[in-house]
Structure formats: structure tokens, C-alpha cells
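Below is one structure, written out as C-alpha cells; comments come after it.
The values are calculated or read from the model by the stated rules, or taken from the named source; none is laboratory data. Only a predicted model underlies this, so the values are computations on that prediction, with no experimental measurement involved. In this analysis, Cβ positions are derived from the backbone assuming ideal geometry, glycine residues included, and neighbour counts consider all displayed protein chains. SASA here: full protein model, heavy atoms, side chains in, ligands and nucleic acids out. Shrake-Rupley method; radii C 1.70, N 1.55, O 1.52, S 1.80 Å.
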Amino acid sequence: MEYRPFGQTGLEVSAIGFGCWEMGGTYGAIDESDIIDAVNRGIDLGINCFDTAQGYGMGTSERLLARALGDRRKDVILVTKFGIGYEHGRDSSKEMVQKAVEQSLEMLNTDYIDVYLVHWPDRDTPFEETMGALEEIVQAGKVRHVGLSNFTPDEIQQCMDARRVDVLQYGYNMFDRRQGKWIFPYTREQNIGMMIYGSLAYGLLAGAFNEDTVFEGRDWRKNGGGGFSLRLFAPEVFKRNIQAVNEIKEIAEGMGKKLPHLALNWVLSNPAVSTALVGARTVAEVEDNMSALGWTIEEDVKRAIDRVFAKYEISLTPDKWVENEKRWQGIDPTDWA
């Protein structure tokens, strides 16, 4: 396993982290015993970062992760998030910070959380209030480090003005490169730990889908995937995206690699990235992810990948998507410069 500095936290985080969204029950079918085995195999292989959230099934993921970790909790960096999924929507008020952290501590069966993140910005609560409340639970020993997920650059700075942000978490992959322009430069300048979710484009770059794939049940991808994922699974773009994936797969095979290994290595090749989160349902999947480490993508390969995305007119930068993103977040587009 490769380890990287986690910003200024003093922690060394595994380059590959274990994403626990799938444990929440809205990411396709899971077998709990298989996932428990996968978590423990991940620790055996050196994965020390496990990321969950209160909003992943409102405690479902946290409880299952706690069962999986058992007495190995002390061996990992435990990350969870709060602030979404409530009946009244987003809430990062001081009252909710204090309430949510107690709930997560109970669900996770632990007396401290290594990194506690605001899942999405609550723009009805002053950021100074949220950051002040987070500092209080740090001082109380309930949380070691705090951070943000899915905030705009300006919002990050507002939070930094109130209390240092230790860690940030954003989606980033070959399809969605927005954060490479909007967030990563700031992250490196401020030496903030960077966690990446969606490294395999929510399964697209795992190579398991085809043009006829149908998402069923509670799977969040069945209705297009929502705004934060750029609606990668929407009917009007899904087949095009699969065609692009097939060509990226050919590039990987030409290197003697598998598609998901190339996709994950591509994310990790960005120097701003501390850890790339990948979900896994089985021991075999965890073991397979390790093949993304220990080699380097040459620049000519990166250019070949870029040509595929250009061919299918898939945006390589935030420019084509940023207006829709801002409107979806409820922000005046002119406010995100």
C-alpha cells in the first residue's frame, strides 16, 4: 500500500480508501457478510481510511461498518459526515452538529471520530456557527479533525476564516474533472487533505455496464444520477458514455491493465489527491483494486484518454458543466468565479 500525508492532520492515509456509500442500501444489492469480509481484507492489505456518512441510510452504513471493524477500529482512520437526509433537508446548525455527532458515535460504536465532515453546505446556517460548533466537539475529544464536502471555493474560504478546514471531499474522475480547476489548486496552496469519491464514475469506469444496463429498485443511478454526478446515467448520455468507456478500456488493455485500474491510477496521479475512495462488496473486489498501485500512467496515455473524451464531446473541464452545477446547488452562477 502507498501512504500519503493527509494535509496538515499529521495522519498518513492509504492512497486507496474504502468508500461505504454502498453499505447504506441505495447502491444496488449487497450481502452484509461479504462486505464485512471485504472490510477486514482491506485492512489486511493496508487500507486505513474508511469513509461513511449519517446520510448513507441514516445510520445503516455506519452501523454495518462498525460491525465490520469490530476491535480493529483502532487501526483505521474513521471518517463520517453529517448534515443531509433530514426531514427538513440540510442542517449544519450548532444544535445539529452536537446531535449528529452523538448519533454517529453511537452508530459507529466508538468514542471518537478521526475526521468529521459537513456533507453538503447548509446555506441557511451561518458557516461561522457550523465551524464554531465543529471546533467545540474537537475540543471535547469527540472528533480529531474536521472538514467539508461539496462546498464551493468561496464557501470553503468563508469556513476557513472561522476555523481551519483540515480535510475536503469531492467527486473526481475521468468524466468529472471540475475539481481539478475549482478546488485542487486551493487545496494544495492551503495543504488540506483531499478525499476523492466517485473515482470509478459510480461504476461506469468499472467496466461492468453496457448500453442495455437497467438500474432497478432503490439504486440512485436509475433516474440519471442527479446533478452532483453530472447525470452520467441519464438516458440521453448513457449510451454515449458507455461507448467512451469501451474505448478507454481498449487503451487500458493496450497497456496490459484493466479499465478500473487505469481509472483509479488516473485519479491518484493528481498530486492534490490524498486518498481515492472505492466501494467494494467482496474480498475479490478489494484485492483487485490493489492493482491500481505501483505504476505510472505515461503522458501519451493521458493524451489518448483526453482524445476519447473530446471525440464524444464529453467536457474535460468545468466550463461546460459549471452553470448547471451552480443552478442545481441553488447558487447564482455569477457567484462562483
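Side notes on the structure shown:
- 3J(HN,Hα) along segment 126-140, derived from phi through the Karplus expression 6.51 cos²θ - 1.76 cosθ + 1.60 where θ = phi - 60°, amounts to x, 4, 4, 5, 4, 5, x, 5, 5, 5, 4, 6, 5, 4, 7 Hz, with x in place of Gly and Pro.
- Taking every alpha-carbon pair under 8 Å whose residues sit at least 6 apart, segment 23-65 reaches a relative contact order of 56 percent.
- Leu45 accessible area, assembled protein chains, probe 1.4 Å, Å²: 50
- In the chain, helical runs assigned H by DSSP with n ≥ 4 each contribute -39500 (n - 2.57); averaged across all residues and rounded to the nearest 500, the mean residue ellipticity at 222 nm is -11500 deg cm²/dmol.
- When both segment 17-80 and segment 105-163 are represented by their alpha-carbon centers, they are found 21 Å apart.
- Around the amide H of Met194, modelled in the peptide plane, lie the amide H atoms of Gly7, Leu168, Ser274, Thr275, all under 5 Å away and 5 or more residues distant in sequence or on another chain.
- Probe 1.4 Å, protein heavy atoms only - accessible area per residue of segment 1-92 in square angstrom: 37
- Annotation for segment 16-101: GluC sites (Glu not before Pro) lying in DSSP loop with at most 15 further Cβ atoms inside 10 Å of their Cβ are Glu87.
- For Cys49, nonlocal amide neighbours, meaning residues 5 or more places apart or on other chains whose placed amide H falls under 5 Å from its own, are Ser14, Phe18, Ile77.
- Rounded to the nearest whole Hz, the Karplus-based 3J(HN,Hα) values (6.51 cos²θ - 1.76 cosθ + 1.60, θ = phi - 60°) of segment 158-175 follow the sequence 4, 5, 4, 5, 8, 6, 4, 8, 7, 9, 10, 9, 8, x, 6, 6, 4, 6, with x at glycine and proline.
- Among the GluC sites (Glu not before Pro) in segment 180-284, those placed in a DSSP loop whose Cβ has at most 15 other Cβ atoms within 10 Å are Glu211, Glu216.
- As a ratio to 2.2 N^0.38 Å, the alpha-carbon radius of gyration computed for the chain takes the value 0.94.
- With contacts taken as Cα pairs under 8 Å at a separation of at least 6 residues, segment 53-198 carries a relative contact order of 19 percent.
- Listed residue (Gly132, Tyr197, Asn109) projecting farthest to the positive dipole end of segment 93-232, Cβ model: Tyr197
- Each residue of segment 103-119 was assigned a 3J(HN,Hα) from its phi angle through the Karplus expression (A = 6.51, B = -1.76, C = 1.60, θ = phi - 60°), giving 5, 5, 4, 5, 4, 7, 6, 9, 9, 7, 10, 5, 9, 10, 10, 7, 5 Hz with x at Gly and Pro.
- Cα gyration tensor shape of segment 1-56, rounded if a/c is under 1.5, else prolate or oblate by comparing a/b with b/c: oblate
- Proximity of backbone amide H atoms, modeled 1.01 Å from N, is registered between Gly279 and Gly19 at under 5 Å, excluding neighbours fewer than 5 places apart on the same chain.
- Computed about the Cα centre, the dipole magnitude for the chain is approximately 420 debye when only Lys and Arg (+1) and Asp and Glu (-1) carry charge, each at its Cβ.
- Segment 100-256, accessible area per residue, ligands and nucleic acids excluded (1.4 Å, Å²): 40
- Accessible area in the full protein assembly, largest first, 1.4 Å probe, for Asp71, Asp122, Asp34: Asp71, Asp34, Asp122
- Placing R0 at 41 angstrom, the Cβ-Cβ distance between Arg63 and Asp306 gives a FRET efficiency of 0.45 after rounding to 0.05.
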